[in-house]
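Participant: After the structure tokens below, expect a handful of questions from me.
The values are calculated or read from the model by the stated rules, or taken from the named source; none is laboratory data. Since this is a predicted model, take the numbers as computed values, not measurements. Here the Cβ is made from the backbone with ideal geometry for all residues, glycine too, and neighbour counts use every protein chain on show. Note: areas computed on protein heavy atoms with side chains; ligands, DNA, RNA excluded. Shrake-Rupley method; radii C 1.70, N 1.55, O 1.52, S 1.80 Å.
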Amino acid sequence: MSYLEIARLEKSFGANRVVTDFNLGVEQGEFISLLGPSGCGKTTVLRMVAGFERPSSGAIRIAGEDVVGKRPNQRNIGMVFQAYALFPNLTVAENVGFGLKIKGARRNEITARVTEMLALIGLPDLGGRYPFQLSGGQQQRVALARALAPKPRVLLLDEPLSALDAKVRVSLRNEIRAIQRDLGITTIFVTHDQEEALSISDRIVVMNAGIADQVGTPFEIYNRPTTRFVANFVGQLNLFKADGTGRIGGVAVGQGDFAARPEAVHLGRAAEADIVLPATVEEVHFLGSVIRVTATAAGARIALDTFNRPDVPPPAVGSTVELSLSSRDLIPLK
């Protein structure tokens, strides 16, 4: 049995069903991301685990205990919100210690734990400041410390980085992952950002219209998507359609639609490639270490990235080139 077990979870608001037969087992210390577009049900799942929404049906168990009937404050779960949700009239130290104070912890215990948490998030000297005196990244670190201070069984993060600028977002997501690993706390992270999910997760749940389309490691989700939605939503995709004889570029691949990631497509004839397509270059974007090329081939627009080499100029727009790939890298689309 998994440490956190979600079984046959469903949620409807009136006639609108937003979560359908959701099942997930999370091992102790695992970092799981719920990934999907707005409105797919990922935040609703998180809120049901937290206790802010009651499921229409299904079970949620933590360490074997069904918590569906328990209030949020009875579940021992830490929650970090997108909008920080810090108390503006409390200092940083008072915010971090708030949950412990509510639980009736002694003053010296609160002080010691707050000191420990502020050191953990890298803000040991800011306990006396108020939230308005902090940057967005610092406020979110304080929100994380507040969630962790009472030593919750499970940590829930609801798009905690979406309000931050790109550089801070990357830095903070790495810090969150490092802290999570250090503490070994079971974590569910909600995001619509595929790069975030791919970079920090043990496993990813890709959600679509209230269901879990696919559950797998980042490697599996990216390289072996099992549905058309997952293939299109996660990463950039090149689409290929086999001809009437089930061939692409003269190579038998079977009937249907297929996809390939840009990194699977090569400019020129690669040694391992068995599919070679004549193409016309449409766009060339120099990005420093990488040159992104878009070309038309086999009636489709194909994107590929090639490494910049100072001795080899990029292809000219309008020029005729050959693109190649291995049929083994084609992803069949359902």
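Participant: Filter the cross-link list Lys167/Lys241; Lys11/Lys334; Lys70/Lys167; Lys70/Lys101 down to pairs whose alpha-carbon distance in this structure exceeds 29 Å. Walk me through the intermediate numbers first.
Facilitator: Numbers: Lys167/Lys241 39 Å; Lys11/Lys334 27 Å; Lys70/Lys167 39 Å; Lys70/Lys101 21 Å.
From the list (Lys167/Lys241; Lys11/Lys334; Lys70/Lys167; Lys70/Lys101), the Cα-Cα distance tops 29 Å for Lys167/Lys241; Lys70/Lys167.
Participant: With a 1.4 Å probe and every protein chain left in place, tell me how much accessible area Arg8 has, in Å² to the nearest 10.
Facilitator: Approximately 140 Å² of Arg8 is accessible to the 1.4 Å probe.
Participant: Right, another one. For the charge dipole of the chain, defined by +1 on Lys and Arg C-beta atoms and -1 on Asp and Glu C-beta atoms about the Cα centroid, which residue among Val26, Ala300, Phe98 has the Cα displaced farthest towards the positive pole?
Facilitator: Phe98
Participant: Given bins 20 angstrom wide, list per bin the percent of all Cα-Cα distances in the chain, short to long.
Facilitator: Final binned percentages: 27, 45, 24, 3.
Participant: Continuing with the same structure: What is the Cα centroid distance between region 188-228 and region 251-311, reported in whole angstrom?
Facilitator: Result: 25 Å between the Cα centres.
Participant: Scan region 266-306 for trypsin sites (Lys or Arg not before Pro) in coil per DSSP, keeping those whose Cβ has at most 12 other Cβ atoms within 10 Å, and list them by number. Present the calculation step by step, with values, prior to reporting the outcome.
Facilitator: Values: sites: Arg269, Arg292, Arg301; in loops: Arg269.
Sparse-neighbourhood loop trypsin sites (Lys or Arg not before Pro): Arg269.
Participant: Now for a separate question. Show me the trypsin sites (Lys or Arg not before Pro) within region 42-104 that DSSP assigns to loop and that have at most 16 other Cβ atoms within 10 Å of their Cβ. Please report the intermediate quantities before stating the final value.
Facilitator: Working: sites: Lys42, Arg47, Arg61, Lys70, Arg75, Lys101, Lys103; in loops: Lys70, Arg75, Lys103.
Passing both the DSSP loop test and the Cβ count: Lys70, Lys103.
Participant: For the residue pair Arg71 and Asp182, what label-to-label distance in nm results when each label sits 7 Å from Cα along the Cα-to-beta-carbon direction?
Facilitator: Between Arg71 and Asp182, the simple spin-label model gives 3.4 nm.
Participant: Leaving out ligands, DNA and RNA, and with a 1.4 Å probe, what % of the accessible surface on region 54-129 is carbon or sulfur? Walk me through the numbers on the way to the answer.
Facilitator: Numbers: 2200 of 4320 Å².
Answer for region 54-129 is 51 percent, counting heavy atoms of protein chains only.
Participant: Let me ask something else about it. In debye, nearest 20: dipole of region 91-159 around its Cα centre with unit charges on the Cβ of K, R (+) and D, E (-)?
Facilitator: Working: 10 positive and 6 negative charges, 65 e Å.
Dipole of region 91-159, to the nearest 20 debye: 320 debye.
Participant: Taking the Cα centre of the chain as origin, work out the dipole magnitude from +1 charges on Lys and Arg Cβ and -1 charges on Asp and Glu Cβ, in debye rounded to 20. Don't jump to the answer; show the numbers that get you there.
Facilitator: Details: 37 positive and 34 negative charges, 262 e Å.
Value, rounded to 20: 1260 debye.
Participant: Another one. So what is the relative contact order of the chain, in percent, for Cα pairs below 8 Å that sit 6 or more residues apart? Numbers along the way, then the final one.
Facilitator: Numbers: 679 pairs, mean separation 54.7, N = 334.
Result for the chain is 16 percent.
Participant: Next up: What residue among Cys40, Gln138, Ala252 has its Cα farthest toward the positive end of the dipole of the chain, where the charges are +1 on Lys, Arg and -1 on Asp, Glu, each on the Cβ?
Facilitator: Result: Gln138.
Participant: Now, a different point. Any idea how far the Cα center of region 143-167 sits from the one of region 6-34, in Å?
Facilitator: Each part's Cα centre sits 20 Å from the other's.
Participant: First select every other residue whose beta carbon is under 10 angstrom from the beta carbon of Glu30; then total the charges, Lys and Arg +1, Asp and Glu -1. Intermediate results must be reported in sequence, preceding the final value.
Facilitator: Values: positive: Arg203; negative: Glu27, Asp202.
With Lys, Arg at +1 and Asp, Glu at -1, the net is -1.
Participant: Next question. Report the net charge of residues surrounding Val45, where surrounding means a beta-carbon distance below 10 angstrom and charges are Lys +1, Arg +1, Asp -1, Glu -1. Present the calculation step by step, with values, prior to reporting the outcome.
Facilitator: On the way: positive: Lys11, Lys42, Arg47; negative: Glu53.
Within the 10 Å Cβ shell, the charges total +2.
Participant: Please report Rg over Rh for region 1-81, where both radii come from the alpha carbon positions and Rh follows the Kirkwood definition.
Facilitator: Details: Rg = 12.2 Å, Rh = 13.0 Å.
On the Cα set of region 1-81, Rg over Rh gives 0.93.
Participant: Does a label point 7 Å from the Cα of Leu239, set along Cα-to-beta-carbon, have any residues of region 245-270 with amide nitrogen under 15 Å, and which are they?
Facilitator: 256-261
Participant: Same structure, new question: Can you tell which of Ser289, Ser201, Ser38 shows the greatest fluctuation in a Gaussian network model of the chain with Cα springs below 10 Å?
Facilitator: It is Ser289.
Participant: Sum up the charges of everything whose Cβ sits under 12 Å from the Cβ of Pro225, counting Lys and Arg as +1 and Asp and Glu as -1, but leave Pro225 out. List each step's numbers first, then the result.
Facilitator: Values: positive: Arg224, Arg228, Arg261, Lys334; negative: Asp213, Glu220.
For residues surrounding Pro225, the net value is +2.
Participant: If you don't mind, there's one more thing I want to ask. Do me a favour and compute the ellipsoid semi-axes for region 206-334 from its Cα gyration tensor, root of five times each eigenvalue, largest one first, whole Å.
Facilitator: On the way: eigenvalues 140, 71, 30 Å².
Working from the Cα gyration tensor, I get semi-axes of 26, 19, 12 Å.
Participant: What is region 1-157's relative contact order, in percent, from Cα pairs under 8 angstrom and six or more apart in sequence?
Facilitator: 23 percent
Participant: Find the relative contact order for region 92-139 and round it to a whole percent, using C-alpha pairs within less than 8 Å whose residues are 6+ positions apart. Provide the component values of the computation, followed by the final result.
Facilitator: Details: 26 pairs, mean separation 21.3, N = 48.
So the answer I get is 44 percent.
Participant: Placing unit charges on C-beta atoms (Lys and Arg positive, Asp and Glu negative, everything else neutral), compute the dipole magnitude of region 67-224 about its Cα centre in debye, rounded to 20. Mind dumping the intermediate values first?
Facilitator: Numbers: 20 positive and 15 negative charges, 155 e Å.
It works out to roughly 740 debye.
Participant: Here's a follow-up. Can you give the accessible area per residue of the chain, in Å², using a 1.4 Å probe? Please report the intermediate quantities before stating the final value.
Facilitator: Details: 16010 Å² over 334 residues.
Counting only protein heavy atoms, the per-residue value for the chain is 48 Å².
Participant: Taking +1 at the Cβ of each Lys and Arg and -1 at the Cβ of each Asp and Glu, which of Val276, Asn238, Val190 sits farthest along the dipole of the chain towards its positive end, judged by Cα position relative to the Cα centre?
Facilitator: Farthest towards the positive pole: Val190.
Participant: In region 21-97, what chymotrypsin sites (Phe, Trp or Tyr not before Pro) fall in a loop by DSSP, with at most 16 other Cβ atoms inside 10 Å? Intermediate results must be reported in sequence, preceding the final value.
Facilitator: Working: sites: Phe22, Phe31, Phe52, Phe81, Tyr84; in loops: Phe52, Phe81, Tyr84.
When the chymotrypsin sites (Phe, Trp or Tyr not before Pro) of region 21-97 are filtered for loop state and at most 16 Cβ neighbours within 10 Å, Phe52, Phe81 remain.
Participant: Please compute the length gained on full extension between Thr217 and Arg292, using 0.36 nm multiplied by the number of residues separating them and subtracting their Cα-Cα distance.
Facilitator: Values: separation 75, 0.36 × 75 = 27.00 nm, distance 2.71 nm.
Gain on extension, Thr217 to Arg292, equals 24.3 nm.
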